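The values are calculated or read from the model by the stated rules, or taken from the named source; none is laboratory data. Quick caveat: nothing in here was measured; it's all calculated off a predicted structure. Cβ placement follows ideal geometry from the backbone for every residue including glycine, while neighbour counts extend to all protein chains displayed.
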Amino acid sequence: MGMTITEKILASRAGRAEIRPGDLVSVPVDVILANDITGPLAIHEFRKIGVEKVCDPAKVILVPDHFAPNKDIKAAEQCRILRDFAREQGLTHYFEVGRMGIEHALLPEKGLVVPGDVIIGADSHTCTYGALGAFSTGIGSTDLAAAMAIGEIWFKVPESMRFEFTGTLPEWVGGKDLILNTIGRIGVDGARYRAMEFTGPALRALLMDDRFTMANMAIEAGAKSGIFHVDEFTLAYVEERATRPYRVFSSDEDAAYVETHTIDAGGLEPQVAFPHSPANVRPVSEGRGIEIEQVVIGSCTNGRLSDLRIAAGLLAGRTVHPRVRTMVIPATQEIYLQAMSEGLLRVFVEAGAAVSTPTCGPCLGGHMGVLAEGERCVATTNRNFLGRMGHPSSEIYLAGPAVAAASAVLGRIAHPGEVAA
Amino acid sequence: MRFTGRIWRVGDNIDTDVIIAGRYLNTINPAELAVHVFEDLDPAFPARLQPGDVIVAGRNFGCGSSREHAPLALKAAGVACVVADSFARIFYRNAINIGLAIVEAPGAAAIFGEMDEAEIDLAGGRIRNLSTGNTLDVAPYPDFIQQIVRAGGLIPYVQAKVREMGVNPRP
Ligand code: SF4
């Protein structure tokens with residue numbers, strides 16, 4: 001019997017001809033990532049192991065992005081732990097404020113993650129890199145510490161679920177809507193411990209940005225990883241960035257899947273996840289009456305250039321509703337610069353939105369847009385858990401950049417067509 | 001390992017944001033984290049939790065963020081064990097790695113009520129509700145996980161492995 005792309009990557013790394021779901025394998029890793037929340041804990045544990053140096057200073061990547069630029073004194077101390085460790089260990093890739101970005105937007109952009117890789121990160125959204133045809137998964141700080149020391153990690157080979165997207169994407173429907181709809185169908189533990197393989201003709205039309213968005217949210221269905229096959233668009237993206245050789249794997253025709261879901265993208269409206277679960281998904285039209293106080297356009301899910309272009313397209317020549325605070329957060333410095341040269345930042349500021357330097361900031365209730373009691377926010381982020389963005393009684397509605405921008409203009413959850421018309 | 005404890009019930013899909021909110025993640029000190037555990041579910045929760053208490057949850061406990069601060073906070077708050085119908089995978093790994101006792105027992109949420117008394121017998125593979133007499137058999141950890149648990153967590157396990165491999169030892 002054939003193997004899936006995920007099984008092939010893990011088999012190749014484990015030096016085995018064949019691998020089956022449920023097998024326990026120990027594999028060398030290509031990238032070991034941590035941020036200013038998980039990194040200090042990993043470094044603390046690493047010190048106990050009894051090795052002097054990390055396995056490979058080019059593999060360990062540290063990005064202070066969550067509470068950076070330092071939001072308070074304690075956060076400043078956490079960021080300093082990362083910085084000092086990077087210097088002490090001579091890490092090749094440490095990204096300081098002013099040169100950084102949100103980790104999961106930054107690494108692909110810098111060509112530090114490539115097809116065929118095995119990537120681990122002490123951040124649950126490490127699954128983002130599956131968009132490049134890599135096996136990539138989130139772990140905790142202690143697992144990361146161990147991998148920093150020995151350069152490998154154990155995995156149970158996941159079963160794979162196949163998601164086939166058919167039809168033609170309607171206007172205003174993008175990767176975020178597809179993944180929200182998927183999570184809505186299967187629930188927040190619908191893919192628990194499994195790999196989600198995204199495929200089908202509707203995905204051909206997606207930009208790499210949208211594929212990152214989809215793989216990013218695999219964890220919101222409980223998945224170990226999300227993965228796409230490499231096509232000419234992936235190669236075009238990777239060719240101009242890759243810092244290392246890459247390997248392209250693909251699923252066999254007769255590979256086995258525990259479940260296959262077919263989703264007709266042609267019939268979808270833009271989607272919104274209502275509080276307090278990313279699986280509480282409804283078509284945007286069901287949210288139309290809901291008034292909001294804040295909009296956040298950014299994060300590792302939708303803070304990329306194409307997201308900003310879509311938002312700017314709707315905000316150009318219009319203004320943010322008087323009741324609404326709108327935060328636009330380009331995910332990396334390169335995206336920021338590109339948005340500046342395309343005039344997008346000007347559009348945002350003229351519309352009455354605040355533009356921030358790259359940071360996770362409000363996405364995890366850190367800074368730059370924390371919600372007060374009872375406030376409602378439309379966010380292009382990935383989690384609307386209770387209290388995620390601030391006060392436990394505040395509410396987060398997850399959506400793509402088009403719905404977010406339209407909602408900013410109308411002061412309530414809105415279909416982009418209501419604004420663009 | 002066998003112990004008894006008072007039960008706190010929580011629901012399905014308890015995420016790590018609710019276990020320890022993002023705003024407290026500017027420290028890695030377990031004692032500082034422990035005083036905020038489950039605070040957004042109920043502000044009085046941290047004060048009511050006593051050492052030796054057992055959390056019984058429904059499906060997918062510990063979903064969401066990979067923050068190891070969540071199992072660390074529970075452990076530092078004195079939680080003796082988390083029993084759940086199922087666990088999210090990163091939380092499961094993290095709990096094993098840091099030595100927080102967890103028991104995956106489908107059906108557990110249905111047989112325990114708030115404030116019931118539980119007896120957890122990890123070695124014997126059985127949990128019992130002492131208040132009602134209901135029991136549930138629990139599958140043992142897979143072999144590999146047992147090795148980590150026996151070593152006392154992932155760090156002691158890796159310490160031994162590093163000595164074996166002889167990788168760049170500290171002078
Ligand atoms: S943007 Fe949000 S989800 Fe993404 S890495 Fe930062 S905190 Fe996590």
Quick one: how many residues across the stretch B:24-37 are surrounded by 21 or more Cβ atoms within 10 Å (Cβ to Cβ) and either assigned to a loop (DSSP other than H, G, I, E, B) or within 16 Å of the ligand (Cβ to nearest atom) (or both)?
-> 4
Check on A:M217, within 14 Å of chain B (Cβ to nearest Cβ), within 16 Å of the ligand (Cβ to nearest atom) and at pLDDT 95 or above | yes
Go through the stretch A:274-299 and give me each residue that's assigned to a strand (DSSP E or B), acidic (D, E) and free of Cβ contacts under 8 Å to residues at least 60 places away in the same chain.
-> none
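For the stretch A:139-178, what are the residues that are part of a strand (DSSP E or B) and within 9 Å of chain B (Cβ to nearest Cβ)?
A:W154, A:K156
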Among what's in the stretch B:130-171 and is within 17 Å of B:A109 (Cα to Cα) and touching a strand residue (DSSP E or B) at 6+ places or on another chain (Cβ under 6 Å), pick the residue that is surrounded by the fewest Cβ atoms within 10 Å (Cβ to Cβ).
-> B:D137
So which of B:I7, B:I28, B:I19 ends up being within 21 Å of A:G365 (Cβ to Cβ) and more than 10 Å from chain A (Cβ to nearest Cβ)?
-> B:I19
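Scan the stretch A:301-309 and tell me whether some residue there is in contact with a Ser or Thr (Cβ under 6 Å, 6 or more places away or on another chain) and more than 16 Å from the ligand (Cβ to nearest atom). Show your work before the answer.
Just the residues of the stretch A:301-309 that are in contact with a Ser or Thr (Cβ under 6 Å, 6 or more places away or on another chain), to begin with: A:301-302.
If we keep only those that are more than 16 Å from the ligand (Cβ to nearest atom) as well, we get none.
For the stretch A:301-309, residues in contact with a Ser or Thr (Cβ under 6 Å, 6 or more places away or on another chain) and more than 16 Å from the ligand (Cβ to nearest atom): absent.
Got a sec? Which of B:D12, B:D40 is more than 30 Å from A:M368 (Cβ to Cβ) and not in a strand (DSSP E or B)?
Unique residue meeting the criteria: B:D12.
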Residues in the stretch A:335-351: is at least one within 16 Å of the ligand (Cβ to nearest atom), assigned to a helix (DSSP H, G or I) and within 13 Å of another protein chain (Cβ to nearest Cβ)?
-> no
Return yes when B:A21 is within 16 Å of the ligand (Cβ to nearest atom), small (G, A, S) and at pLDDT 95 or above and no when it is not.
-> yes
Selected residue (criterion: surrounded by the fewest Cβ atoms within 10 Å (Cβ to Cβ)) from residues of the stretch A:314-331 that are closer than 26 Å to A:A105 by Cα and more than 16 Å from the ligand (Cβ to nearest atom) = A:A316
Kindly indicate the residue of the stretch A:1-44 that is surrounded by 20 or more Cβ atoms within 10 Å (Cβ to Cβ) and of a type in the set (K, R) and also farthest from B:P30 (Cα to Cα) among those meeting that condition.
-> A:K8
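Matching residues to (1) within 14 Å of chain B (Cβ to nearest Cβ); (2) in a loop (DSSP other than H, G, I, E, B); (3) among the aromatic types (F, W, Y):
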| residue | (1), (2), (3) |
| --- | --- |
| A:G387 | yes, yes, no |
| A:S393 | yes, yes, no |
| A:A404 | no, no, no |
| A:A414 | no, yes, no |
Could you check, for the stretch A:135-151, whether at least one of its residues is in contact with a Pro (Cβ under 7 Å, 6 or more places away or on another chain) and either over 14 Å from A:V54 (Cα atoms) or crowded, with 24+ Cβ neighbours inside 10 Å (or both)?
-> no
Near pairs, Cβ below 7 angstrom, 6+ apart or cross-chain, from the stretch A:379-395 (of a type in the set (D, E, K, R) and within 12 Å of the ligand (Cβ to nearest atom)) to any residue that is modelled with pLDDT of 95 or more and in a loop (DSSP other than H, G, I, E, B) | A:R383/A:P278; A:R383/B:G64; A:R388/A:G365
Would you check if there is a residue in the stretch A:228-236 being part of a loop (DSSP other than H, G, I, E, B) and buried (at least 18 other Cβ atoms within 10 Å of the Cβ)?
-> yes
Any chance the stretch A:264-278 includes a residue that's among the β-branched types (V, I, T) and either surrounded by fewer than 20 Cβ atoms within 10 Å (Cβ to Cβ) or within 16 Å of the ligand (Cβ to nearest atom) (or both)?
-> no
A:S136 meets each of (1) in contact with a strand residue (DSSP E or B) (Cβ under 8 Å, 6 or more places away or on another chain); (2) within 30 Å of A:G15 (Cβ to Cβ); (3) of a type outside the set (F, W, Y); (4) assigned to a helix (DSSP H, G or I) with one exception, condition (4)
Got a sec? Which of B:V79, B:V56 is over 22 Å from A:R388 (Cα atoms), in contact with a Lys or Arg (Cβ under 7 Å, 6 or more places away or on another chain) and not in a helix (DSSP H, G or I)?
-> B:V56
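Quick grid of which residues meet (1) modelled with pLDDT under 95; (2) more than 14 Å from chain B (Cβ to nearest Cβ); (3) surrounded by 24 or more Cβ atoms within 10 Å (Cβ to Cβ); (4) over 24 Å from A:T213 (Cα atoms):
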residue: A:A58; (1), (2), (3), (4): no, yes, no, yes
residue: A:H66; (1), (2), (3), (4): no, no, yes, no
residue: A:N70; (1), (2), (3), (4): no, no, no, yes
residue: A:A76; (1), (2), (3), (4): no, no, no, yes
residue: A:R80; (1), (2), (3), (4): no, no, no, yes
residue: A:F85; (1), (2), (3), (4): no, no, no, yes
residue: A:Q89; (1), (2), (3), (4): no, no, no, yes
residue: A:L106; (1), (2), (3), (4): no, yes, yes, no
Selection from the stretch B:91-134 of residues within 14 Å of chain A (Cβ to nearest Cβ), in contact with a Phe, Trp or Tyr (Cβ under 7 Å, 6 or more places away or on another chain) and not in a helix (DSSP H, G or I) yields B:I102, B:E104
Inside the stretch A:10-127, counting only helices (runs of 4 or more DSSP H) that do not spill past its ends, which hold 1 or more residues that are in contact with a Leu (Cβ under 9 Å, 6 or more places away or on another chain), more than 16 Å from the ligand (Cβ to nearest atom) and under 22 Å from A:C360 (Cβ atoms)?
-> A:39-49, A:73-89
